[in-house]
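Engineer: Attaching a single structure in structure tokens format; questions to follow.
The values are calculated or read from the model by the stated rules, or taken from the named source; none is laboratory data. Keep in mind that what you see is a predicted model, and the values were worked out from it rather than measured. Cβ: placed from backbone, ideal geometry, glycine included. Neighbour counts: every protein chain shown. Side chains are part of the model used for accessible areas, which takes the heavy atoms of the whole protein and leaves out ligands, DNA and RNA. Shrake-Rupley method; radii C 1.70, N 1.55, O 1.52, S 1.80 Å.
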Amino acid sequence: MNRRPARGPGLGERLGDWWRARREASGARGGRPRSNRARYNPRHRLMLVGGVMGLCAVALVARAFTLQVVNSEFYRKQGDERILREIEIPTSRGMITDRNGEPLAVSTPVESVWGNPQELVEVPDRIPELAAALGVPADELVRRISQRATREFMYLKRRINPDQAQAILAHEIPGVYSQREFRRFYPQGEALSHVLGFTNVDDNGQEGLELAFDEWLKGKPGSKRVIRDSRGRIVENVELIEAAQPGHDLNLTIDRRIQYLTFRELRKALERTGASSGSAVVLDVATGEILAMANLPTYNPNALDGQGADTRRNRAVTDVIEPGSTMKPLTVAIGLESGAITPASVFDTNPGWIPNGRYRTTDHRNYGVLDTTGVIRKSSNVGAAKIVHRIDDKVFYDFLRRMGYGSSTHSGFPGESSGVLPVPGSASWYGTTKQGLSYGYGLSATPLQIAAAYAALGNGGRLIAPTFVKGQRNEARQVLDPAIASEVLHMMQTVTEPGGTATQAAILGYHVAGKTGTARKFNASGGYSRRYISFFAGLVPVEAPRFSMVVVIDDPDPAKGYFGGLVSAPVFKSVMDGALRLMDVPPDDIETWLAAQAEEDARRSGATPPLAAAAVPRAGAQGGTP
């Protein structure tokens, strides 16, 4: 029988043999130790370590590249925010000087202590020490810090002496720093406070010329980048971003010498008369420059605490008053200009009063018959009323407007008042209005307006807007014929001579033209009370007027006298006597001066004075046009 050939192992058998061999090999490895060569291969281990280190190096390089190249700007900013600061460079406010360059307002460097509330809250145990150094109650300081705990800046004490600031910083309390600022100082103090005004704690003008010229004076702060240490101290100036621009200086028309004279004499007058307030203005006739402007009561701009707003008011510019008899020269001027009267016109003022509607216009006493000059010399209300009766309402009103009444002088002073002048035909113009206007009732004006109108009389009829800035020349307007202005000026000269109402305004060696005024004050019911405002307005010297001055004394004690010639005229005399000499104005009445000198020499020697010299008449002493 044929035998089939033997077949080889099948696939299953071969897989089984492979699996058994695999298991046997596995058992052999677990059963007996392998050689060291089989268990450890240095080359493989080195390759592994080198690979790991290579990967780390690549990662480090990649990270460095990311930090220094890809994200460098971000991280630089983060670092700068911790040490680099942009700080303000403070700048000083411009200096204010008088016409001669003498300082009237200057900025001095001071220190302000500030703190970082976020740092201060971390050291609560040092707060009492800080409060003691600042001189404030500890509980108040704690409250202030707590209210600002999320902020990084708060002022602790501002604008103090640098030595005081260093004493506070010497405690080395974390979060306490200082910075430089500037504080305004006024050398003339209360004598010039109403004109200059003052600045606030941030050195911004608040009143007066400090406010009017704030943009010109305050300058522009700069800025720079610095590096601060952990305690906030500057360790390096990195760069200047913008240079600080100091404020511009301001040169005023004020003469501090005349200003002081005006302030001193005004204060003496208030003490002598018991008045509640007063104002005085001095103008340069030819230029309109304001040489002095004083007010009382006053305040100290270097120490404002406790000063009421009433004391800070510049009454010479902001307060309006009824000008009283200072209007009479203007009434005469328009009468002459319109042809209604002449210097030789005669006015019967008997019996010392005339009706004015339901009221009376009265004189201090019955002056009888007066010529035009006599109306001014005796200050006759009745005479002024009779003059204005001959003048058309519109003509009279237009002239007063030309002289500056009823409109601002445009001096540039903040809050300047325009005054009030009734308009013919309006609801404020009554049948009695024009008669009252002729002697200064029924309208209102500031002392500066009156001084400017009188300056126009002394300047050949040319009105110039007053100015506080030296070098500023305002255009002159011809408001009155020069011949008429001169005529009226010489009529006003008789007021300060024997027989006039203001002999106490006379100045030896100079002809003085002026006019007194006494106006009754309003009472609570809208009528007139028995309280008064006393005026004197004048020009000197008459032959070539240099100064126009107005003095207003409000509410003098009637028991001590209230007429302008007694109360206000002496102030004019004292101030102008000094100003004429300070400004080297030559005398225009040398004969009288020589006569007085001869009389004084004779008195000292016991001899009889020369009669001829003593008898030299002064122009216009008997009234009329000299």
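Engineer: Return the residues of the range 275-292 that are surrounded by fewer than 24 Cβ atoms within 10 Å (Cβ to Cβ), among the polar types (S, T, N, Q) and in a strand (DSSP E or B); say none if nothing qualifies.
Structural biologist: Selection gives Ser277 alone.
Engineer: Which pairs turn up if I take residues in the range 132-153 that are in contact (Cβ under 8 Å) with a residue 60 or more places away in the chain and more than 12 Å from Asn116 (Cα to Cα) and look for partners that are exposed (fewer than 13 other Cβ atoms within 10 Å of the Cβ) and among the hydroxyl-bearing types (Ser, Thr, Tyr) with beta carbon separation below 8 Å, at least 6 apart in sequence or on another chain?
Structural biologist: Partner pairs satisfying both residue conditions: none exist.
Engineer: Looking at the range 522-555, which of the residues that are in a strand (DSSP E or B) and free of Cβ contacts under 8 Å to residues at least 12 places away in the same chain is least open to solvent (accessible area, probe 1.4 Å)?
Structural biologist: Looking at the filtered set, the residue picked out is Ser529.
Engineer: Would you tally the residues in the range 456-488 being more than 25 Å from the chain's Cα centre (by Cα), open to solvent by less than 10 Å² (accessible area, probe 1.4 Å) and touching a residue at least 40 places away in the same chain (Cβ under 8 Å)?
Structural biologist: 6
Engineer: Another question, if that's okay. Checking the conditions here, which among Lys515, Lys573 is touching a helix residue (DSSP H, G or I) at 6+ places or on another chain (Cβ under 7 Å), in a helix (DSSP H, G or I) and among the basic types (Lys, Arg)?
Structural biologist: Lys573
Engineer: Could you tell me whether Leu463 is modelled with pLDDT of 95 or more, touching a Lys or Arg at 6+ places or on another chain (Cβ under 7 Å), within 17 Å of Asp284 (Cβ to Cβ) and outside any helix (DSSP H, G or I)?
Structural biologist: Spelling it out, Leu463 is indeed modelled with pLDDT of 95 or more, touching a Lys or Arg at 6+ places or on another chain (Cβ under 7 Å), within 17 Å of Asp284 (Cβ to Cβ) and outside any helix (DSSP H, G or I).
Engineer: Here is a further query. How many residues does the range 542-564 contain that are within 16 Å of Lys268 (Cα to Cα) and not aliphatic (A, V, I, L, M)?
Structural biologist: 8
Residues checked against (1) at pLDDT 85 or above; (2) in the same structural domain as Val106 (by the TED database); (3) in contact with a Leu (Cβ under 7 Å, 6 or more places away or on another chain); (4) more than 17 Å from Arg126 (Cα to Cα):
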{"residue": "Ile168", "(1), (2), (3), (4)": "yes, yes, yes, no"}
{"residue": "Ile173", "(1), (2), (3), (4)": "yes, yes, yes, no"}
{"residue": "Gly189", "(1), (2), (3), (4)": "yes, yes, no, yes"}
{"residue": "Ser193", "(1), (2), (3), (4)": "yes, yes, no, yes"}
{"residue": "Thr199", "(1), (2), (3), (4)": "yes, yes, no, yes"}
{"residue": "Gly205", "(1), (2), (3), (4)": "yes, yes, yes, yes"}
{"residue": "Ala212", "(1), (2), (3), (4)": "yes, yes, no, yes"}
{"residue": "Gly232", "(1), (2), (3), (4)": "no, yes, no, yes"}
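Residue by residue, here is whether (1) closer than 29 Å to Gly460 by Cα; (2) small (Gly, Ala, Ser) holds:
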residue	(1), (2)
Gln206	no, no
Pro246	no, no
Leu283	yes, no
Thr287	yes, no
Ala292	yes, yes
Ala303	no, yes
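Engineer: Now for a separate question. Which residue out of Gly404, Gly440, Gly436, Gly431 is open to solvent by 40 Å² or more (accessible area, probe 1.4 Å) and not basic (Lys, Arg)?
Structural biologist: On inspection, the qualifying residue turns out to be Gly431.
Engineer: Could we say that Thr503 is open to solvent by 10 Å² or more (accessible area, probe 1.4 Å), of a type in the set (Val, Ile, Thr) and under 21 Å from Thr372 (Cα atoms) here?
Structural biologist: For Thr503, the condition - open to solvent by 10 Å² or more (accessible area, probe 1.4 Å), of a type in the set (Val, Ile, Thr) and under 21 Å from Thr372 (Cα atoms) - is met.
Engineer: Is it fair to say Ser277 is touching a Pro at 6+ places or on another chain (Cβ under 8 Å) and under 24 Å from Val420 (Cα atoms)?
Structural biologist: Considered against the rule, which asks whether it is touching a Pro at 6+ places or on another chain (Cβ under 8 Å) and under 24 Å from Val420 (Cα atoms), Ser277 comes out as yes.
Engineer: Which one is nearest to Val320 (Cα to Cα), of the residues in the range 475-525 that are of a type in the set (Val, Ile, Thr) and in contact with a strand residue (DSSP E or B) (Cβ under 8 Å, 6 or more places away or on another chain)?
Structural biologist: Going residue by residue through the range 475-525, those that are of a type in the set (Val, Ile, Thr) are 479, 484, 488, 494-496, 501, 503, 507, 512, 516, 518.
Next, from what is left, pick out any that are in contact with a strand residue (DSSP E or B) (Cβ under 8 Å, 6 or more places away or on another chain): 479, 495-496, 501, 507, 512, 516, 518.
Values: Val479: 23, Val495: 25, Thr496: 26, Thr501: 24, Ile507: 29, Val512: 26, Thr516: 17, Thr518: 15 Å.
Here the residue is Thr518.
Engineer: Another question about this same structure. Based on what the data block shows, is Gly94 small (Gly, Ala, Ser), buried (at least 16 other Cβ atoms within 10 Å of the Cβ) and over 25 Å from Asn200 (Cα atoms)? Please lay out each step first, then the result.
Structural biologist: Working: small (Gly, Ala, Ser): yes; buried (at least 16 other Cβ atoms within 10 Å of the Cβ): yes; over 25 Å from Asn200 (Cα atoms): no.
No; evaluated as a whole, the condition is false for this residue.
Engineer: Taking only pairs six or more apart or across chains, which ones have beta-carbon atoms under 6 Å, a first residue in the range 328-346 that is of a type in the set (S, T, N, Q), and a second residue that is open to solvent by less than 30 Å² (accessible area, probe 1.4 Å)?
Structural biologist: Partner pairs satisfying both residue conditions: Thr331/Ala384; Thr331/Ile387; Thr331/Val388; Thr331/Ser438; Ser338/Ile391; Ser345/Thr372.
Engineer: In the list Gly564, Gly578, which residue meets the criterion of being buried (at least 19 other Cβ atoms within 10 Å of the Cβ) and not β-branched (Val, Ile, Thr)?
Structural biologist: Gly564
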